[in-house]
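Visitor: Okay, here's the structure, questions in a sec.
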Amino acid sequence: MKYERELKAAFKISIPVMMGYGVLGFAFGLLLVSFDYSWYLAPLMSLFIYAGALQFVAINFFNVKAGLIDIVIASWFVNLRQSFYGLSLLKRFKNTGKLKAYLIFGLTDETYALLTTIKDDGQLKKRWYYFFLTALNQSYWFIGSTLGAIVGSNIKFNTAGLEFSLTALFVVLCIEQYKNLKNITPFIIGIIAALFTLIFVPSDKMLIVAIGLAIVLLFFFRRKLEDDE
């Protein structure tokens, strides 16, 4: 195989993601079909959307019959962090040619973490190494979600509480972010925004308002956050 070295290196470094995406993707597939949606929506969403947290959120959007504007705004806020990921990788993706579009599309939290923490091997063709790493990670999510949807369509599971998978995902991401930042102020702001909207805002608008309020408070306390850093 022409790029066997790049594929092997990418697979080796992506094994932890495989373990996580396989399980979480399976949970997404089970949860999707538990709400009586067709199983094939899982692979389609994982192929063309490929945004783990947003896919979980999308199930709730479908169930409450959220409006298009609400979905667009919430989706933008949920995935806004990807914009900053992309900006920090512009130099790294500079010479990736036709593969750049897919590398941008397939950029996730875990893929970004690997790309920014692993040491580059000078013997590897970088753009193919990045491509295989991104494609392997998406394949893990695709396979996991598809298997979960197929199994859930044919075997009845008690999926009570499975929707907590999304909450668990964000809790893990939050903990990892705190380990990196060592600054509790942004998290206190998030808690305040969430509690305020939980009490005063209807449930179908809570997510959008909470994210918007948190962003406003972060800008308001920006100087303090910079001083803490």
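Visitor: Could you check how many residues of the range 61-100 are surrounded by 15 or more Cβ atoms within 10 Å (Cβ to Cβ), assigned to a helix (DSSP H, G or I) and hydrophobic (A, V, I, L, M, F, W, C)?
Guide: Of the residues in that region, 7 qualify.
Visitor: If I ask for residues that are among the aromatic types (Phe, Trp, Tyr) and touching a Ser or Thr at 6+ places or on another chain (Cβ under 7 Å), which ones from the range 40-74 would you list?
Guide: Scanning the range 40-74 gives a single hit, Phe56.
Visitor: Here is a follow-up. If only one of Ala27, Ala58, Ala42 is free of Cβ contacts under 8 Å to residues at least 24 places away in the same chain, assigned to a helix (DSSP H, G or I) and buried (at least 18 other Cβ atoms within 10 Å of the Cβ), which one is it?
Guide: The unique qualifying residue is Ala58.
Visitor: I've got another one for you. Any chance the range 70-78 includes a residue that's of a type in the set (Gly, Ala, Ser), within 16 Å of Gln138 (Cα to Cα), touching a residue at least 12 places away in the same chain (Cβ under 8 Å) and not assigned by TED's automatic domain parsing to the domain that holds Ala210?
Guide: Checked the range 70-78: no residue is of a type in the set (Gly, Ala, Ser), within 16 Å of Gln138 (Cα to Cα), touching a residue at least 12 places away in the same chain (Cβ under 8 Å) and not assigned by TED's automatic domain parsing to the domain that holds Ala210.
Visitor: Residue check: is Gly212 in contact with a Cys (Cβ under 9 Å, 6 or more places away or on another chain) and at pLDDT 75 or above?
Guide: Taking the combined requirement at face value, the residue does not satisfy it.
Visitor: Is it true that Leu103 is exposed (fewer than 11 other Cβ atoms within 10 Å of the Cβ) and without any contact (Cβ under 8 Å) to a residue 40 or more places away in the chain?
Guide: Taking the combined requirement at face value, the residue does not satisfy it.
Visitor: To continue, here is another question. Looking at (1) closer than 18 Å to Tyr3 by Cβ; (2) surrounded by fewer than 19 Cβ atoms within 10 Å (Cβ to Cβ); (3) without any contact (Cβ under 8 Å) to a residue 60 or more places away in the chain, which is the one condition that is false for Gln123?
Guide: (3)
Visitor: For the range 51-59, state whether one or more residues are farther than 26 Å from Val151 by Cα and under 19 Å from the mean Cα position of the chain (by Cα).
Guide: Within the range 51-59, none of the residues are farther than 26 Å from Val151 by Cα and under 19 Å from the mean Cα position of the chain (by Cα).
Visitor: Can you name the condition, by its number, that Tyr140 falls short on among (1) in contact with a Lys or Arg (Cβ under 9 Å, 6 or more places away or on another chain); (2) touching a residue at least 60 places away in the same chain (Cβ under 8 Å); (3) not small (Gly, Ala, Ser)?
Guide: (1)
Visitor: Give just the number: which of (1) outside any loop (DSSP other than H, G, I, E, B); (2) over 26 Å from Gly148 (Cβ atoms); (3) of a type in the set (D, E, K, R) does Lys12 not satisfy?
Guide: Lys12 satisfies all of (1) outside any loop (DSSP other than H, G, I, E, B); (2) over 26 Å from Gly148 (Cβ atoms); (3) of a type in the set (D, E, K, R) except (2).
The values are calculated or read from the model by the stated rules, or taken from the named source; none is laboratory data. Just so it is clear, the model here is predicted, and its values are computed rather than measured. Quick reminder, even Gly has a Cβ in these numbers, built from the backbone with ideal geometry, and neighbours come from all protein chains shown.
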